[in-house]
Amino acid sequence: MDRYLCDVLVTMDGPAGAVPAPISGGAVDVGDDGRIAWCGPAADAPALGPGATVHTTGILMPSLINAHCHTPMVLLRGAGEGLPVDRWLHEVMWPRESKLTPGDVRAGMRLGALELLANGITTSVEMYFSGQAVAEGATDAGMRCLVTPGVIEDPDFTLTRPWPEQLDEMVALRDRWAESDLIDVGMAAHAAYSVSRECLTAIAERAAGAGMPVHIHLAEQQWEDAAVRERTGGLAAPEYLESLGLLDGDVIAAHGVWLTPDDIDVLARNDTAVVHCPCSNAKHASGVAPVTDMQAAGLRLAIGTDGPASHHRLDLFEEMRTAIRTARIRSGDAQTFGPAEALRMTTAGAAEVLGWDGLGRLAPGCWADMMALSASEPALHPVIEAEDDPLSRIVWSGSPRAISAVWVAGRKVVEDGRVLTLDVAEAVAEAQARARRLTGARP
Ligand SMILES: [Zn+2]
């Protein structure tokens, strides 16, 4: 048993979407199975048995969940800078991605995992090809991953085999990792405009049959609506996906920028979850998602960084702040969308989006996926007890620099900014060589 004593305990374990008040002077007991045995005010903690180890931390909270990412795209980070999304995909991303080997994907996932873990992110939802390589890269680093290998049908994208074989492989991948506590597997379709009706229908059927979630980009760019209506006889993307039965199961829809009130109604009646990607949406000039309208409709919501080729950083502190800023710019109201709501979308709320019980909260029975923010981080001070709002401090002033430690199932994976699970220099050198090859440049 390990006991973690902290100045402030943020559990994020509230009923029905609520965020509980942080606990001053908290304790978390973690069993040898990596799960939380007890959690609450230190003064109420049970007596420790012999052999228990006591650790002391500053702010202790759930580590973060990145609900939409393409982490291996670190190999393409910075490429096609400034191009609009359709040209960026067709002229830069897909031609380079068509050269990817499974070894490239694993190396990209390993490099990205170093960054994710150091930034306090211990679970990511990955839409990428070579799902086996993604899972291996994630587990090499000791992080959790919902792996959702994705289908794209486009002449500029030639990496993958025919989609029926890809769907078979997705189910086989799920079975291969069924015993892993770190890996879960779903299916993905790139988007309603880039995948055929036949394939989308098949994904709906296979995912329902196998009980797997489906991950898809939805309404990211304004031009998508016309493209989808043209191929569907006038349906908007959410209606179209609903008509195919794709929204019947567990669906994680990324972006949701150009959703009308009718679209949001479609998602709400299907309990479709949406992942807000505010930094990517801003960098690509995609638009500002109607996050408060989606909240009001009762949608399950999370936050994602999107791929590091879309938005260079894998930093959910920055995403949370950008989510708040853009929501307030949209509403013109400084009361809109506060830090607690943003933090819920990277912790407990994100776990609900993933359908992964035991993550995103510190509570008995949950995995001890946690991070500590240092009591000596200057940006988190001063602290005036009578008016302190720790959640506001974490979201507005927090950063990866403030993280003193990160744990996955009680295993320490980051200490003082240093990832303990991989050789950083080796991972960087390997990714560097592979990224250079993808550009066509000489090694
Ligand atoms: Zn994406």
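The values are calculated or read from the model by the stated rules, or taken from the named source; none is laboratory data. The structure displayed is predicted, hence computed values, not measured ones. Quick reminder, even Gly has a Cβ in these numbers, built from the backbone with ideal geometry, and neighbours come from all protein chains shown. Just so you know, the surface numbers come from the protein's heavy atoms only, side chains and all, with ligands and any DNA or RNA stripped out. Shrake-Rupley method; radii C 1.70, N 1.55, O 1.52, S 1.80 Å.
Structural remarks
- Matching option when the condition is outside the structural domain of residue 214 (by TED's automatic domain parsing) and part of a strand (DSSP E or B), among 428, 414, 353, 395: 414
- Considering 110, 161, 197, the condition of being at pLDDT 95 or above and surrounded by fewer than 18 Cβ atoms within 10 Å (Cβ to Cβ) is satisfied by 197 alone.
- Candidate set: segment 101-155, residues that are within 16 Å of the ligand (Cβ to nearest atom) and part of a loop (DSSP other than H, G, I, E, B); chosen: the one nearest to residue 303 (Cα to Cα): 128
- Only one entry of 24, 63 meets the criterion of being closer than 29 Å to residue 150 by Cβ and either loosely packed, with under 15 Cβ neighbours inside 10 Å or away from the ligand (no atom under 16 Å from the Cβ) (or both), and that entry is 63.
- Number of the exception - residue 316 against (1) over 23 Å from residue 396 (Cβ atoms); (2) more than 14 Å from the ligand (Cβ to nearest atom); (3) surrounded by 24 or more Cβ atoms within 10 Å (Cβ to Cβ); (4) not polar (S, T, N, Q): (1)
Residues checked against (1) surrounded by fewer than 17 Cβ atoms within 10 Å (Cβ to Cβ); (2) within 28 Å of residue 322 (Cα to Cα):
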| residue | (1), (2) |
| --- | --- |
| 383 | yes, yes |
| 394 | no, yes |
| 409 | no, no |
| 422 | no, no |
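- On the stretch given as segment 259-275, residues that are touching a residue at least 40 places away in the same chain (Cβ under 8 Å) and more than 12 Å from the ligand (Cβ to nearest atom) total 4.
- Boolean, residue 336 is more than 16 Å from the ligand (Cβ to nearest atom) and at pLDDT below 95: yes
- Of the residues making up segment 68-107, those that are open to solvent by less than 30 Å² (accessible area, probe 1.4 Å) and either touching a Cys at 6+ places or on another chain (Cβ under 9 Å) or within 16 Å of residue 312 (Cβ to Cβ) (or both) number 15.
- Residue-level analysis places residue 310 among those that are within 16 Å of the ligand (Cβ to nearest atom), in the same structural domain as residue 73 (by TED's automatic domain parsing), touching a helix residue (DSSP H, G or I) at 6+ places or on another chain (Cβ under 8 Å) and modelled with pLDDT under 95.
- If you go through segment 247-258 and keep only what is away from the ligand (no atom under 16 Å from the Cβ) and either within 14 Å of residue 237 (Cα to Cα) or part of a helix (DSSP H, G or I) (or both), you end up with 247, 248.
- Identity of the residue in segment 273-290, in a loop (DSSP other than H, G, I, E, B) and of a type outside the set (A, V, I, L, M), that ends up surrounded by the fewest Cβ atoms within 10 Å (Cβ to Cβ): 287
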